[in-house]
1. Can you pull the accessible area of Asp43 for me, 1.4 Å probe, Å² to the nearest 10?
2. Give me the number: length gained by fully extending Tyr46 to Ser153, i.e. 0.36 nm times residue separation minus the C-alpha to C-alpha distance, one decimal in nm.
3. Quick one: grab the alpha carbon gyration tensor of the stretch 104-173, order the square roots of its eigenvalues as a ≥ b ≥ c, and give me rounded if a/c is under 1.5, else prolate or oblate depending on whether a/b is larger than b/c.
4. By its C-alpha gyration tensor, with a ≥ b ≥ c as the square roots of the eigenvalues, how is the stretch 37-148 shaped: rounded for a/c under 1.5, else prolate for a/b larger than b/c, else oblate?
5. Taking each full run of DSSP H in the chain as one helix, which ones are at least 20 Å long along their axis (Cα atoms) and have mean Kyte-Doolittle hydropathy of at least -0.5?
6. To check you understand DSSP bridge types, tell me what percent of the beta bridges within the chain (both residues inside) are antiparallel, rounded to 5.
7. Roughly how many whole Å is it from the C-alpha centroid of the stretch 111-154 to that of the stretch 35-103?
8. Place the peptides 117-125, 136-144, 69-77 in order of packing, highest mean first, counting for every residue the other Cβ atoms within 10 Å and averaging per peptide.
Amino acid sequence: MAHWRQGEVAVSRFLRHVVAGQEHPDPPHLEHDEFNRIQGIPDPPYETLICAGEAKMVLHLFLHDYDDEKILSFCSGEPMFVFSNDHDVWRDNKKAIVEYVPRGKDLKLIWERYSKTDRIIKALEPARELGTEDSLSFSFAGRTWNFFVLNISSENIPAFRARVQSLPDTLEP
């Protein structure tokens, strides 16, 4: 079954460490009791919204201690491969950013580099100056996964949201 491929498990393990604000192992590997709920889990230093390329159910499972529904709302809880085009991904990304309610923490936006992400990242250009850009990657089983990260400081979130709201609802060709 495609939803349980090892690559999706590796992506999910990797992103869980990013969300938790922890150093991520490269390559990701099986950890002791990784599916048990964590009691007294430390609060991550920032909030995260993720738009994954392929992982879905496995990613929800790995992020269940960190409010997976909210984190994955960036793409309506779906991986990008289910969207027929990048306009639909942009619509969901924009909605999640505009509706995001700040909680006094920085915000980390993460897109798995996928066929649909380049135009979305370009569309955000007028707002990206309010944050810092980063990239993350890891390798597993002969494949490398790459992620684009946009970090927005808590004091810039209101301006970032306003700027994104003023962007077009559809991507330019």
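1. Per-residue accessible area (Asp43): approximately 120 Å².
2. 37.6 nm
3. Oblate is the answer for the stretch 104-173, as a/c is 1.5 or above yet b/c matches or exceeds a/b.
4. rounded
5. 6-20
6. That works out to approximately 75 percent antiparallel.
7. The stretch 111-154 and the stretch 35-103 have Cα centres spaced 14 Å from each other.
8. Peptide ranking by packing, descending: 69-77, 117-125, 136-144.
The values are calculated or read from the model by the stated rules, or taken from the named source; none is laboratory data. All values reported here derive from a predicted model rather than from experimental measurement. Neighbour counts are summed over all protein chains in view; Cβ atoms, including those assigned to glycine, are modelled from backbone coordinates with ideal geometry. Heavy atoms of the whole protein, side chains included, go into the accessibility calculation; ligands, DNA and RNA do not. Shrake-Rupley method; radii C 1.70, N 1.55, O 1.52, S 1.80 Å.
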